[in-house]
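Notes follow the structure.
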Amino acid sequence: MNKFNKILISFIFSLILGGFYYFSNVSVNKENNISFSGVLVTKVVDGDTIEIEGGEKVRYLGVDTPETKDPRKPVQCFGKEASNKNKELVEGKRVILEKDVTETDKYNRLLRHVFLDLGDGTRLFVNDYLIREGYAQVLTIPPDVKYSEQFLEAQKQAREQKLGLWNKCI
């Protein structure tokens, strides 16, 4: 085998290995606009916003937690609890992001549904969990309405059971 063929085979082998690495870490389900990249959450900003590797901020779709960071407002009732729960759930962990319709908000934050792989073949839908456990209220802004009915049902249950902010604040 001549030198050119050895280089060519090495190059092709490198491309194949690189492709396996890339696609094992990043793939997209185009039907659902789900990124299976398992992006790392580097910081929890508050109850409904995170920062991911690369410095991008992600705002959870369909969710509104009490404010803790808005300089124009005092810390709202149950805001610290919501922020702490979000931190406990996702900070330092890899999450799966799902886009609905809108890419970003007016603050240039990615708008996404957030899923946490629990390692046993199941995923925790973080947006739903925060509402269902009373850390957040539903905030539906069309056209991002994919899970709005699910979120409204989760909120109804949390309210009826007086969980979280439904017990302490309302």
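The values are calculated or read from the model by the stated rules, or taken from the named source; none is laboratory data. For clarity, every value in this text was computed on a predicted model and none was experimentally measured. Counting neighbours? That spans all protein chains shown, and the Cβs are built from the backbone with ideal geometry, glycine included. Surface areas here come from the heavy atoms of the whole protein model, side chains and all, with no ligands, DNA or RNA. Shrake-Rupley method; radii C 1.70, N 1.55, O 1.52, S 1.80 Å.
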Exercise. Can you name the condition, by its number, that V101 falls short on among (1) under 19 Å from E67 (Cβ atoms); (2) modelled with pLDDT of 95 or more; (3) open to solvent by 40 Å² or more (accessible area, probe 1.4 Å)?
Worked result: (1)
Exercise. Do you know which residues across the stretch 108-147 are touching a residue at least 40 places away in the same chain (Cβ under 8 Å), basic (K, R) and touching a strand residue (DSSP E or B) at 6+ places or on another chain (Cβ under 7 Å)?
Worked result: R109, R112
Exercise. So which residues in the stretch 116-154 are open to solvent by less than 30 Å² (accessible area, probe 1.4 Å) and of a type in the set (S, T, N, Q)?
Worked result: N127, S148
Exercise. Looking at K73, is it closer than 19 Å to L165 by Cβ, in a loop (DSSP other than H, G, I, E, B) and not acidic (D, E)?
Worked result: yes
For this session: Please state which one of K87, K106 is under 17 Å from T49 (Cα atoms) and not in a loop (DSSP other than H, G, I, E, B).
Result: K87
Exercise. Within the stretch 71-86, how many residues are in contact with a strand residue (DSSP E or B) (Cβ under 9 Å, 6 or more places away or on another chain) and surrounded by fewer than 17 Cβ atoms within 10 Å (Cβ to Cβ)?
Worked result: 1
Exercise. Going by the structure shown, is P66 at pLDDT 90 or above, under 30 Å from N108 (Cβ atoms) and not charged (D, E, K, R)?
Worked result: yes
For this session: Identify the single condition in (1) open to solvent by less than 30 Å² (accessible area, probe 1.4 Å); (2) over 26 Å from C169 (Cα atoms); (3) in contact with a Gly (Cβ under 7 Å, 6 or more places away or on another chain) that R94 does not satisfy, given that it satisfies every other one.
Result: (1)
Exercise. So is K156 part of a loop (DSSP other than H, G, I, E, B) and basic (K, R) or not?
Worked result: no
Exercise. Has the stretch 105-112 got at least one residue that is buried (at least 16 other Cβ atoms within 10 Å of the Cβ) and more than 15 Å from the chain's Cα centre (by Cα)?
Worked result: no
